[in-house]
Amino acid sequence: MNKTIELLENHRSVRKFKDVALTDNQIKTIVEAAQMASTSSFIQAYTIIGITDKEKKKELAALAGGQEYVAESGHLFLFCADLYRHAQIGKIKDADVLPSIESTEKFMVGVIDASLAAQNAAIAAESMGLGICYIGGIRNNLPEVNKLIDAPDYVVPLFGLTVGVPDQETATKPRMPFEMIYHENKYEKDPAQLEDKLNKYDQGISAYYHERTKGARSDQWSEQMAKMLERKSRLYMKDYIEEKKLNRH
């Protein structure tokens, strides 16, 4: 196994950081690594916003559901889908770009480009001995996040990435087995086979939680998913995205 594969297979989320800010060089290295990710048709439809203002970090931590480590991390990156630049290109070049920019397809391009860049950033940070954690909680209240970063139309904050010097040791969380993720030639949708695989995976997850918490919890993955998906959350999203002039057709 090479060092890159070893790094990827040892990923774990870090939610406790030492009080050490990232250096300018570390930030630049991480962002430049993110920029080298693949991008659809070279459109580069994303922007990364670094949050260095302590009060803004605290506000974002509160908006993300009271996750204190968001404010306590060495650096907080916000990844945004961004087609604002492209709208400006249309004005500069006198080109009718808005029907394309406002389409579902181009919104998906922005989301995918930002996600690919973020994973490059995460791997770069981990290769430097830093810990990371993705923060989807910023989508709890995107209008307020939008105000904090003063994002224009065609820009949507998608998620945060906390990066810093780890102050905890955590175990890797077991992922679904290979056979549940990888299908060949067609989608395997037999319910009986799926239930059997789920039962086996649930046993492994339950054992993981039991050991990690010394018996305080032993819930199953499918149980977690059922409870989570029963709760309706962020149902404002469709209207919000359309207000940002994206995903309109």
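No value in this document is a laboratory result; all are computed from the given coordinates. The structure displayed is predicted, hence computed values, not measured ones. Here the Cβ is made from the backbone with ideal geometry for all residues, glycine too, and neighbour counts use every protein chain on show.
What the pair-distance distribution of segment 178-218 shows, using all Cα-Cα distances binned every 5 Å from zero, is 6, 22, 20, 17, 13, 11, 8, 3, 1 percent. Across I135, I101, I89, mean-square fluctuation computed from a Gaussian network of the chain (C-alpha pairs under 10 Å connected) peaks at I89. Comparing A64, A124, A95 in a Gaussian network model of the chain, where Cα atoms under 10 Å apart are tied by springs, the biggest mean-square fluctuation is seen for A95.
Taken about its Cα centre, the chain carries a charge dipole of roughly 300 debye when the Cβ of each Lys and Arg holds +1 and the Cβ of each Asp and Glu holds -1. Quick one: among E105, E32, E195, which has the greatest mean-square fluctuation in a GNM of the chain with alpha-carbon springs under 10 angstrom? Looking only at E105, E32, E195, the biggest GNM fluctuation is shown by E195. Working from Cα pairs under 8 Å separated by at least six residues, relative contact order for the chain is 26 percent.
Net charge of the neighbourhood of E195, taken over other residues with C-beta under 15 Å away and scored Lys/Arg +1, Asp/Glu -1, is -3.
In degrees between 0 and 90, to the nearest 10, how far off the longest principal axis of the chain does helix 221-230 point, with axes built from Cα atoms? That helix lies at roughly 40 degrees to the long axis.
Compute the signed sum of charges (Lys and Arg +1, Asp and Glu -1) over the other residues within less than 14 Å, Cβ to Cβ, of K3.
On the way: positive: none; negative: E6, E9, E126.
The answer is -3.
Residues whose amide H comes within less than 5 Å of that of G50, counting only those at least five positions distant or on another chain, are L78 (H built at 1.01 Å from N in the peptide plane). Shown here are the Rg and Dmax of the Cα trace of the chain, at 20.0, 65 Å.
Positive-end ranking of L8, Y46, T162 along the dipole of the chain, with charges on Cβ about the Cα centre, is headed by T162. Distance from the C-alpha centroid of segment 146-191 to that of segment 2-45: 14 Å, rounded to the whole angstrom.
Over segment 84-221, what number does the Rg to Rh ratio reach, with both radii from the alpha-carbon atoms and Rh per Kirkwood? Kindly include the intermediate steps, with their values, before the conclusion.
Details: Rg = 21.0 Å, Rh = 19.4 Å.
That ratio is 1.08, to two decimals.
Beyond 26 Å in Cα-Cα separation lie the following of the pairs K28/K91; K93/K245; K57/K93: K28/K91; K57/K93.
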